[in-house]
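Peer 1: One structure is given below, represented as structure tokens, and several questions about it will come after.
Where a number appears in this text, it was derived from the coordinates with a stated rule and is not lab data. Just so you know, these numbers come straight off a predicted model, no measurement behind them. Because the Cβ atoms are built from the backbone with ideal geometry, glycine has one as well, and the counts that use them run over all protein chains shown.
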Amino acid sequence: MKNGNATLHTIAELLLGEKGIIDSFTDEEISLKLLEMGCIPGEIIQIKNIAPLGDPIAISVSGYVLGLRKSEASTVIVKSINETI
């Protein structure tokens, strides 16, 4: 997905170490839960760990590490910022 000059992905599509800026959500119900946990549009996230079978995914957001199911991560749209650890 393209938005101006930025490439949009879901968190589930990012690779280990990649960073992104939260842009929007595709599921209103899950977005309320994620907003309460600090996943606010404009926040920078980084993929910290991915389980061997791809689920769950650990992300760094708002100063802590948050574990997300792949189904939850696929509802968060991020702008890729192409920096890795």
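Peer 1: Evaluate the following for Ile59: is it out of contact with any Ser or Thr (no Cβ under 8 Å at 6 or more places or on another chain), under 13 Å from Val76 (Cβ atoms), of a type in the set (A, V, I, L, M, F, W, C) and touching a residue at least 24 places away in the same chain (Cβ under 8 Å)? Can you show your working first?
Peer 2: Working: out of contact with any Ser or Thr (no Cβ under 8 Å at 6 or more places or on another chain): yes; under 13 Å from Val76 (Cβ atoms): yes; of a type in the set (A, V, I, L, M, F, W, C): yes; touching a residue at least 24 places away in the same chain (Cβ under 8 Å): yes.
Yes; evaluated as a whole, the condition is true for this residue.
Peer 1: For the stretch 75-85, state whether one or more residues are in a helix (DSSP H, G or I) and exposed (fewer than 14 other Cβ atoms within 10 Å of the Cβ). Write out each step before concluding.
Peer 2: First, the residues of the stretch 75-85 that are in a helix (DSSP H, G or I): none.
Checking the stretch 75-85: not a single residue is in a helix (DSSP H, G or I) and exposed (fewer than 14 other Cβ atoms within 10 Å of the Cβ).
Peer 1: When only residues in the stretch 34-66 that are in contact with an Asp or Glu (Cβ under 8 Å, 6 or more places away or on another chain) and not small (Gly, Ala, Ser) count, which is nearest to Ile81 (Cα to Cα)?
Peer 2: First pass over the stretch 34-66, keeping only residues in contact with an Asp or Glu (Cβ under 8 Å, 6 or more places away or on another chain): 34, 41, 46-47, 61-62.
Imposing the further condition that a residue be not small (Gly, Ala, Ser) reduces the set to 34, 41, 46-47, 61.
Working: Leu34: 21, Pro41: 14, Gln46: 10, Ile47: 12, Val61: 15 Å.
By that ranking, first place goes to Gln46.
Peer 1: Give the residue that is surrounded by the most Cβ atoms within 10 Å (Cβ to Cβ), with candidates limited to residues of the stretch 9-53 that are over 11 Å from the mean Cα position of the chain (by Cα) and part of a helix (DSSP H, G or I).
Peer 2: Within the stretch 9-53, the subset over 11 Å from the mean Cα position of the chain (by Cα) is 16-17, 26-33, 35-38, 42, 49-53.
Now drop any that are not part of a helix (DSSP H, G or I), which leaves 28-33, 35-36.
Details: Glu28: 8, Glu29: 8, Ile30: 19, Ser31: 17, Leu32: 10, Lys33: 11, Leu35: 13, Glu36: 9.
Once the filter is applied, the top-ranked residue is Ile30.
Peer 1: Counting just the residues of the stretch 54-74 that are part of a strand (DSSP E or B) and of a type outside the set (A, V, I, L, M), which one comes out surrounded by the most Cβ atoms within 10 Å (Cβ to Cβ)? So that I can check it myself, show each step before the final result.
Peer 2: Filtering the stretch 54-74 down to residues part of a strand (DSSP E or B) leaves 57-61, 64-68.
From what is left, the residues that are of a type outside the set (A, V, I, L, M) are 60, 64, 67.
Working: Ser60: 16, Tyr64: 9, Gly67: 13.
By that ranking, first place goes to Ser60.
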